[in-house]
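A.B. asks: Input: one structure, supplied below.
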Amino acid sequence: MKYVVIIGDGMADFPLEELDGRTPLMAAKKPCMDMMAREGFCGKVVTVPEGFPPGSDVACMSIFGYDPAKYYTGRAPIEAFGMGIAMDENDVAFRCNLVNLEFTSAGTVMGDYSGGHITTPEAKILIEDINKKLGNNEFVFYPGVSYRHIMLWKHGLWQMKTTPPHDITKKEIAPYIPSGDGSETIVDLMNKSQNILGGHPLNTKRIKEGKLPANSIWLWGQGKRSQFPSFFDKYQLKGATVAAVDLVKGISSMIGFDTPFVKGATGYIDTNFKGKAQKALELLQDHDIVYIHVEAPDEASHNGNTREKIQAIEHIDREIVSTMYESLNEPVKFLIVTDHATPISMKTHYGCPVPFIIFTKGKGESGGSPSGYNENAGEKEFTGEELITFFIRGQKP
Ligand SMILES: [Zn+2]
């Protein structure tokens with residue numbers, strides 16, 4: 001038996017007036033997912049346990065079958081692992097966003113959490129300059145993809161309150177400045193970055209091109225490294241993941257999965273959907289289970305773009321789900337799921353049980369959803385660990 005897990009990040013949503021009371025999932029043309037939902041088994045998975053922030057890190061950890069209450073130590077250590085950054089046991093990793101701040105007379109506002117969707121090559125120049133000027137034996141800055149980077153604080157402090165910048169778009173930043181043990185050091189670094197980035201020639205060029213300058217770093221999601229039992233030890237299957245974002249690649253490599261690079265995988269609507277499916281088919285030749293993660297619906301939701309969210313879901317159905325379904329011979333089992341809701345109306349994540357489909361090619365199941373795959377599909381609730389055990393071993397909790 002081969003296993004295929006397809007995660008559309010942030011697909012779940014609320015009914016929207018502009019869609020006549022439907023959700024983007026309901027409005028999207030997705031014949032393959034809907035067929036699987038009707039003929040397969042549908043349920044709900046609680047990807048974000050009580051008390052945890054509804055981030056993709058927590059939610060995806062659940063969908064890989066690991067209980068965040070046991071294994072979650074913060075977002076940044078996972079991404080650092082995904083980027084191949086070695087951490088000592090006393091190191092603290094911080095997510096380091098390049099952001100755009102608006103300095104107004106009324107106060108400083110979070111203009112854009114992605115630094116105006118800065119490109120990876122541009123960001124590399126800025127982060128390397130930051131490392132030259134602020135880096136030393138204690139602080140090291142590592143360039144990543146687009147606006148997502150990592151800072152390591154050697155023997156650092158981590159029990160401070162920090163805020164994801166995508167949660168405070170267009171809000172004054174004062175109430176969300178890091179606070180608590182060690183925060184003055186972190187705030188000092190953020191302030192110093194503004195002096196470096198403010199007059200940086202690359203930002204001057206971006207302004208000339210009509211783009212937002214990435215004029216500050218924003219540090220959050222900190223934690224120490226975590227230890228995971230391998231997926232093979234837990235489920236006796238050899239696995240691999242196809243993903244663009246370091247977060248998902250990080251979790252995957254921490255549990256012993258292969259995470260090959262896919263050309264053109266961007267994490268946005270312009271990602272290489274077909275290339276991801278092709279890579280997954282390749283991997284299934286010598287792996288038992290393959291996860292395919294697509295970030296595009298979540299990015300569209302953070303920008304409040306309903307049309308782009310629907311397009312992303314339709315691309316996933318046409319170029320990934322259908323391709324996998326048509327190309328794979330039996331026996332093969334599919335798990336179609338989203339990691340959390342990112343409601344267009346909120347432009348940020350919302351913690352609630354989300355729908356999933358389990359579909360075995362060539363075998364009908366009871367418990368399907370007549371209306372297809374959407375937020376109304378499925379009743380029975382599973383934790384992430386229960387879902388993966390049920391998916392692989394067929395034992396309901
Ligand atoms: Zn997510």
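The values are calculated or read from the model by the stated rules, or taken from the named source; none is laboratory data. For clarity, every value in this text was computed on a predicted model and none was experimentally measured. Using ideal geometry, Cβ is built from the backbone for each residue, glycine included, and neighbour counts are taken over all protein chains shown. These accessible areas exclude ligands, DNA and RNA; they are computed on the full protein's heavy atoms, side chains included. Shrake-Rupley method; radii C 1.70, N 1.55, O 1.52, S 1.80 Å.
A.B. asks: For region 92-223, with only Lys/Arg (+1) and Asp/Glu (-1) charged at the beta-carbon, what is the dipole magnitude about the Cα centre, in debye rounded to 20? Could you put the intermediate results ahead of the total?
C.D. replies: Values: 14 positive and 12 negative charges, 63 e Å.
Once rounded to the nearest 20, the dipole reads 300 debye.
A.B. asks: Amide H of Thr383: which non-local residues (sequence gap of 5 or more, or other chain) have their own amide H closer than 5 Å, using H built in the peptide plane?
C.D. replies: Correct list: Val46.
A.B. asks: OK, next. Rg and Dmax of the chain, using alpha carbons, in Å: what are they?
C.D. replies: When restricted to the Cα atoms of the chain, Rg and Dmax are 20.9, 64 Å.
A.B. asks: What nm value, rounded to one decimal, do you get for the distance between Asp286 and Asn272 when each label is placed 7 Å out toward the C-beta?
C.D. replies: 2.0
A.B. asks: If one takes the longest principal axis of the Cα atoms in the chain, at what angle in degrees, from 0 to 90 and to the nearest 10, does the Cα axis of helix 384-393 lie?
C.D. replies: Long axis of 384-393 versus the principal axis of the chain: about 40 degrees.
A.B. asks: Using a/c under 1.5 as the rounded threshold, could you call region 14-111 rounded, prolate or oblate? The axes a ≥ b ≥ c are square roots of the C-alpha gyration tensor eigenvalues, and prolate needs a/b larger than b/c, oblate otherwise.
C.D. replies: Values: a/c = 2.57, a/b = 1.29, b/c = 1.99.
Oblate, since a/c reaches 1.5 and b/c is not below a/b.
A.B. asks: Rounded if a/c is under 1.5, else prolate if a/b beats b/c, else oblate: with a ≥ b ≥ c from the C-alpha gyration tensor eigenvalues square-rooted, which is region 92-223? Show your work: numbers first, answer last.
C.D. replies: On the way: a/c = 1.77, a/b = 1.21, b/c = 1.46.
Because a/c hits 1.5 or more and a/b fails to exceed b/c, region 92-223 counts as oblate.
A.B. asks: Can you run phi through the Karplus equation (6.51, -1.76, 1.60; θ = phi - 60°) for region 184-198 and list ³J(HN,Hα) in whole Hz, with x for Gly and Pro?
C.D. replies: 4, 5, 5, 4, 4, 5, 5, 5, 5, 4, 5, 5, 6, 7, x
A.B. asks: Can you list the residues, at least 5 places off or on another chain, whose amide H is less than 5 Å from the amide H of Cys96, using H built in the peptide plane?
C.D. replies: His149, Ile150, Met151
A.B. asks: When the Karplus curve 6.51 cos²θ - 1.76 cosθ + 1.60 is applied with θ = phi - 60°, which whole-Hz ³J(HN,Hα) does each residue of region 240-252 get, with x for Gly and Pro?
C.D. replies: With coefficients 6.51, -1.76 and 1.60, one gets 8, 10, 10, 7, 9, 8, 4, 4, 6, 5, x, 4, 4 Hz.
A.B. asks: Going toward the positive end of the dipole of the chain, with +1 on Lys and Arg Cβ and -1 on Asp and Glu Cβ, which of Thr108, Ile6, Gly144 do you reach last?
C.D. replies: Gly144
A.B. asks: At 1.4 Å probe size, with the rest of the protein present, what percent of the exposed accessible area of the chain is carbon and sulfur atoms?
C.D. replies: Details: 7990 of 15690 Å².
For the chain, the apolar C and S fraction of the accessible surface comes to 51 percent.
A.B. asks: Calculated from DSSP H runs of 4 or more alone, at -39500 (n - 2.57) each and per residue, what is the 222 nm mean residue ellipticity of the chain, nearest 500?
C.D. replies: Working: 15 runs with 130 residues, N = 397.
Using -39500 (n - 2.57) per qualifying helix, the result is -9000 deg cm²/dmol.
A.B. asks: Moving to a separate point now. List the trypsin sites (Lys or Arg not before Pro) within region 1-104 that fall in a DSSP loop (any state other than H, G, I, E or B) and whose Cβ has at most 14 other Cβ atoms within 10 Å. Could the numbers behind the result be given before it?
C.D. replies: On the way: sites: Lys2, Arg22, Lys29, Arg38, Lys44, Lys70, Arg75, Arg95; in loops: Lys29.
Passing sites in region 1-104 are Lys29.
A.B. asks: Measure nothing but the geometry: give the 0 to 90° angle between the long axis through the Cα atoms of 306-315 and the longest principal axis through the Cα atoms of the chain, rounded to 10°.
C.D. replies: Here the helix axis deviates by roughly 50 degrees.
A.B. asks: Using amide H atoms built 1.01 Å from N in the peptide plane, name the residues 5+ places from Ser216, or on other chains, whose amide H lies under 5 Å from its own.
C.D. replies: Here the answer is Val99, Leu101, since their amide H atoms fall under 5 Å of that of Ser216.
A.B. asks: I'd like the distance between the alpha-carbon centres of region 33-60 and region 150-224, rounded to an integer number of Å.
C.D. replies: Here the answer is 31 Å between Cα centres.
A.B. asks: What FRET efficiency comes out for Glu138 versus Asp20 if R0 is 45 angstrom and r is the Cβ-Cβ distance? Round to the nearest 0.05.
C.D. replies: Values: r = 56 Å, r/R0 = 1.24.
After rounding, the FRET efficiency stands at 0.20.
A.B. asks: If you count only protein heavy atoms with a 1.4 Å probe, what accessible area per residue comes out for region 310-397, rounded to a whole Å²? All intermediate terms of the calculation are to be shown ahead of the outcome.
C.D. replies: On the way: 3550 Å² over 88 residues.
For region 310-397, the per-residue accessible area is 40 Å².
A.B. asks: Here's another thing I want to ask about it. Among 121-133, 283-295, how do they line up from the highest to the lowest mean number of other beta-carbon atoms within 10 Å?
C.D. replies: Values: 121-133: 17.2, 283-295: 20.6.
Those peptides, ordered most packed to least, come out 283-295, 121-133.
A.B. asks: Taking 30 Å as R0, compute the FRET efficiency from the Cβ-Cβ separation of Glu102 and Lys192 and round it to 0.05.
C.D. replies: Details: r = 19 Å, r/R0 = 0.64.
Here the calculated transfer efficiency is 0.95.
A.B. asks: Using a cut-off of 12 Å between alpha-carbon atoms, which aspartates and glutamates can reach Lys238, once sequence neighbours fewer than 8 places away in the same chain are excluded?
C.D. replies: Asp258, Asp286, Asp288
A.B. asks: What percent does the relative contact order of region 92-223 come to when contacts are Cα pairs within less than 8 Å and at least six residues apart? Walk me through the numbers before you get to the answer.
C.D. replies: Values: 260 pairs, mean separation 47.0, N = 132.
Worked out over region 92-223, it gives 36 percent.
A.B. asks: Length gain on complete extension for the stretch Thr120 to Ile177, per 0.36 nm per residue less the alpha carbon to alpha carbon distance?
C.D. replies: On the way: separation 57, 0.36 × 57 = 20.52 nm, distance 2.58 nm.
Here the segment from Thr120 to Ile177 would lengthen by 17.9 nm.
A.B. asks: Using square roots of five times the C-alpha gyration tensor eigenvalues, list the equivalent-ellipsoid semi-axes of region 320-397 in whole Å, biggest first.
C.D. replies: 24, 16, 12
A.B. asks: Expressed as a rounded percentage, what relative contact order does the chain have, with Cα pairs under 8 Å and six or more residues apart?
C.D. replies: On the way: 920 pairs, mean separation 129.4, N = 397.
Dividing the mean separation by the residue count of the chain yields 33 percent.
A.B. asks: Same structure, new question: Pulled fully out, how much extra length does the chain show between Glu184 and Thr204, if you take 0.36 nm times their separation in residues and subtract their Cα-Cα distance?
C.D. replies: Values: separation 20, 0.36 × 20 = 7.20 nm, distance 2.92 nm.
Gain on extension, Glu184 to Thr204, equals 4.3 nm.
A.B. asks: Pop a pseudo-label 7 angstrom from the Cα along the beta-carbon direction at both Lys238 and Glu89 and give the gap in nm to one decimal.
C.D. replies: Computed distance between label sites Lys238 and Glu89 equals 3.2 nm.
A.B. asks: Taking region 133-188, which GluC sites (Glu not before Pro) meet the DSSP loop condition and have no more than 14 other C-beta atoms within 10 Å?
C.D. replies: Numbers: sites: Glu138, Glu172, Glu184; in loops: Glu138.
Sites meeting the loop and neighbour criteria: Glu138.
A.B. asks: For a quick check of your reading of the filter: which trypsin sites (Lys or Arg not before Pro) in region 348-391 sit in a DSSP loop and have no more than 16 other Cβ atoms within 10 Å? The partial results should precede the final answer.
C.D. replies: Numbers: sites: Lys361, Lys363, Lys380; in loops: Lys361, Lys380.
Filter output for region 348-391: Lys380.
A.B. asks: Then there is this: Shape of region 49-104 from its Cα gyration tensor (a ≥ b ≥ c, root eigenvalues): rounded if a/c is under 1.5, otherwise prolate when a/b > b/c, or oblate?
C.D. replies: Numbers: a/c = 2.27, a/b = 1.32, b/c = 1.72.
Since a/c reaches 1.5 but b/c is at least a/b, the shape of region 49-104 is classed as oblate.
A.B. asks: Provide the per-residue ³J(HN,Hα) series for region 78-85, in order, calculated from phi with Karplus coefficients 6.51, -1.76, 1.60 and θ = phi - 60°, each as a whole number of Hz, with x at glycine and proline positions.
C.D. replies: 5, 5, 4, 4, x, 8, x, 8
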